[in-house]
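The values are calculated or read from the model by the stated rules, or taken from the named source; none is laboratory data. Note that this is a predicted model, so its numbers are computed, not measured. Note: ideal-geometry Cβ built from the backbone for every residue, glycine included; neighbour counts use all protein chains shown. Accessible surface areas use protein heavy atoms only, side chains included; no ligands, DNA or RNA. Shrake-Rupley method; radii C 1.70, N 1.55, O 1.52, S 1.80 Å.
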Amino acid sequence: MKSEPAPDTPVQPGRRSTWATIGVVYLGGVVAAMSLGKFAPVGPAVTGQLSLSLSQLGWVISAVVGVGAAFGLPGGYLMRRVGARGALVYGLALIAVAGAASVLAGDFAWLLVARVTEGFGYLMVTIAGPVLVLRLADERDRSAALSVWATFVSVGLFASTLVGGAAGDAFGWRGWIGLLAALTLLMAVVLQLRLPRTGAGPRAAAGPVPRLRALRWPGVLAFSFCLTALVTIPVIVLLPTLLIEQHDNSAAAAGASTSVISLLSAVGGLLVGMLLRRGTRVGVLALFGLLAVPAAWLVYGGGPLAGVLAGAGTLSLANGFLAALVFAALPLILERLDHADVGSGLVAQAGSLGSLLGPPMFGEVAAAFGFAALAPVIAVGLVAAVAALLLAGGRAAGRQRWVAGAGEKGVAG
């Protein structure tokens, strides 16, 4: 059997990426993201049985993201002691245990504590996943593999929405949560068995702890990721309300349209991976984000339904495209590859912060000035996010040229 490199040790130049193992790591991220969105399709049943207000349900749904927004960077430093392999397995196990505890919830306090606990497990997965992908991919494949990893949230949320409603109707909301907890635990076991252990100790790849100066460029990427999430995710979150209130859609039709549009985010991530494999520069790809700016006026300019759906789809595509570009650029701008854990934590924290603050900010702006006021907010946010990516792309360009040159020499040899 062909041996694979340890997940805490970067693949040596000239060795092939272990795509099968990368795929299993990706599936672990998808399953974790399913737990992130598991209460959305069964929200009415949960509020009815536990006598929750809509505000309390909102806290239950967003608590997981809140943990990431508060502890992403510290989690990156902590993972240097645990190791990426252990963090991924333990994170999924913690999500599973917290999910099982949610099944027994009888009130809001119990459910909230379980979700906060789940949030720490989810944070471990979101930090460890890209680090493992980076270490399992060879030099030429890293950016493309990380851009694919960036689609795990949209794919997981889509799967959760698709399956959760039917499972909730068939088994009740507790049955759906229990099934997902069992699936998550199974995924943790699979990864424990699949990921190679040799050389994967907590400090196997850890060099000097990165200081503040070493986080400047990851900070630029994190800033871009935060702004991207801040101004694109709320478009999807608030889309059903917009379709129902302003375009007389039924709740079922609005939900179906939103599910399809949200999946376009994954298409954006895959597109980045394809273009990076063809040698396209990060800075060039960042410019494509500006094409989504006019889409904001399609969504909130009071136009026809077709325009609203086209604009929302474009913004969802841009969300996945720019997020994937952030992850893809990370190994190209780090001072040292063994800083990837802390860099990943910083990026995760920034994305969670944008995801957490975006929907209430959009709600406040729409309530005070109307939906039309959201278009310039989105435009400013996207332009600033693209500008930060262009800045990071300048630093990444030299590394991309070196990788491309090394790949050509390898082929020639």
Q | Residues satisfying the stated conditions in region 341-394, i.e. open to solvent by less than 10 Å² (accessible area, probe 1.4 Å) and without any contact (Cβ under 8 Å) to a residue 60 or more places away in the chain | A | none
(Q) Being open to solvent by 20 Å² or more (accessible area, probe 1.4 Å), within 24 Å of residue 90 (Cα to Cα) and in contact with a Leu (Cβ under 8 Å, 6 or more places away or on another chain) is the filter here; which residues of region 159-186 pass it? (A) 185
Q. Is one or more of the residues making up region 350-359 assigned to a helix (DSSP H, G or I), modelled with pLDDT of 90 or more and more than 18 Å from residue 237 (Cα to Cα)?
A. yes
Q. Hey, residue 98 hits all of (1) open to solvent by less than 10 Å² (accessible area, probe 1.4 Å); (2) over 23 Å from residue 346 (Cα atoms); (3) touching a Leu at 6+ places or on another chain (Cβ under 9 Å) but one; which does it fall short on?
A. (3)
Q: Among residues belonging to region 234-246 that are of a type in the set (A, V, I, L, M, F, W, C) and open to solvent by 50 Å² or more (accessible area, probe 1.4 Å), point out the one that is farthest from residue 293 (Cα to Cα).
A: 244
Q.
Any residue at all in region 121-133 that's at pLDDT below 95, within 30 Å of residue 277 (Cα to Cα), out of contact with any helix residue (DSSP H, G or I) (no Cβ under 6 Å at 6 or more places or on another chain) and surrounded by 24 or more Cβ atoms within 10 Å (Cβ to Cβ)?
A. no
(Q) With the requirement that a residue be under 10 Å from residue 38 (Cβ atoms) and either at pLDDT 90 or above or in contact with a strand residue (DSSP E or B) (Cβ under 7 Å, 6 or more places away or on another chain) (or both), what does region 164-178 give you? (A) 173, 176, 177
Q) Say we look at region 103-120 and pick out the residues that are touching a helix residue (DSSP H, G or I) at 6+ places or on another chain (Cβ under 9 Å) and among the aliphatic types (A, V, I, L, M); which of these is surrounded by the most Cβ atoms within 10 Å (Cβ to Cβ)? A) 111
Q | Matching helices (runs of 4 or more DSSP H) fully within region 266-342 where at least 3 residues are farther than 16 Å from residue 388 by Cα | A | 295-300, 305-333
Q. In region 268-304, which residues are open to solvent by 60 Å² or more (accessible area, probe 1.4 Å), in contact (Cβ under 8 Å) with a residue 24 or more places away in the chain and in contact with a helix residue (DSSP H, G or I) (Cβ under 6 Å, 6 or more places away or on another chain)?
A. 277, 281, 290, 297
Q.
Among the residues in region 103-120, are any part of a helix (DSSP H, G or I), hydrophobic (A, V, I, L, M, F, W, C) and touching a Pro at 6+ places or on another chain (Cβ under 6 Å)?
A. no
